[in-house]
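Remarks on the structure that follows.
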Amino acid sequence: MSLIAVRNVEKIYRMDGVEVHALRGISLAVEPGEFVAIMGPSGSGKSTCMNILGCLDRPTTGTYLLDGTDVTTLGDEALARMRNRRLGFVFQSYNLLPRTPAIENVELPLVYAGTPDRRARARAALDSVGLGPRARHLPTQLSGGEQQRVAIARALVNSPAIILADEPTGNLDSSTAGEIMDLLDRLSQQGITIVLVTHEADIAARARRHVQFRDGRIVSDEPVRARTVAPQGPVQP
Ligand code: ADP
């Protein structure tokens, strides 16, 4: 069974009586452990697709099975629970609370989920991205790459099946971007499924599969042949 199974999904936004067809019938199956890069020009439907995959929005028509559950039929609360338990999000702008230490930013999804042992789990997630020593730092006291690692720790803290990353390296220089991709690659090797949006070919080359969007449709879906592989070994703090 596919972890993600999107079938014939259309998304129509209605604004001032005008219809915008953001997705025109996309189908996409992602198996556990895949590392997928979504590419395509601006306005082609990538964000709309990610919002649906992330249970932040619903399709107008079509179905989305997430780990076998048809999320298009879930109510808001069940959808939020699904999002919190199964998905981790990483954004271009990190989306950390600025006046909150790194460790507490990482704890947030656990607070929402009412999980016990929050501090220990957050600590383990920060350690796993090499940022244990920065636990008490505020986001403003961290570099961009470090902030993104905190955000990845926050995405990991609920042990999600899937990480959805929207331009995760868009604000980083190329060397730091490479380090973030090394980290995502390592998570992928550990079996976490990763779907990432990028417009940079060298970032997409780190994935194992490319899905290309145009005008609300998937126009190609291929394995990456000349894949750039991460160096082995742990990520350095
Ligand atoms: P991409 O992420 O590839 O740039 P989007 O998914 O953001 O593309 O947008 C696809 C199309 O849907 C665009 O024409 C965009 O203007 C439109 N769109 C996206 N979000 C909304 C919205 N909330 N309301 C109305 N139209 C939208």
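Worth pointing out:
- Charged neighbours of residue 11, selected by a Cβ distance under 14 Å, balance to +2 (K, R count +1; D, E count -1).
- Sequence-distant contacts, meaning Cα pairs under 8 Å at least 6 residues apart, place the relative contact order of segment 122-233 at 20 percent.
- Share, in percent, of DSSP beta bridges within segment 159-225 that are antiparallel, nearest 5: 55
- Förster radius 41 Å - calculated FRET efficiency between residue 215 and residue 111 (Cβ-Cβ, nearest 0.05): 0.50
- Taking every alpha-carbon pair under 8 Å whose residues sit at least 6 apart, segment 160-216 reaches a relative contact order of 46 percent.
- Computed extension gain for residue 227 through residue 202, at 0.36 nm per residue and net of the alpha carbon distance, reaches 8.1 nm.
- When DSSP beta bridges are restricted to pairs lying wholly in the chain, around 55% turn out antiparallel.
- Alpha carbon centroid spacing (whole Å) that separates segment 12-72 from segment 119-147: 32
- Each Lys and Arg adds +1 at its Cβ and each Asp and Glu adds -1 at its Cβ; summed about the Cα centre, the chain shows a dipole of about 380 debye.
- Among beta bridges that DSSP assigns inside segment 97-237, antiparallel share in %, nearest 5: 55
- Estimated [θ] at 222 nm from DSSP helical runs (n ≥ 4, -39500 (n - 2.57)) normalised by residues in the chain, nearest 500: -9500 deg cm²/dmol
- Across segment 4-68, the mean sequence separation of Cα contacts (distance under 8 Å, 6 or more residues apart), normalised by length, yields a relative contact order of 47 percent.
Just so you know, all these numbers are worked out from the coordinates, no wet-lab data involved. Keep in mind that what you see is a predicted model, and the values were worked out from it rather than measured. Ideal geometry is used to build each Cβ from the backbone, glycine not excepted, and the neighbour counts take in all protein chains shown.
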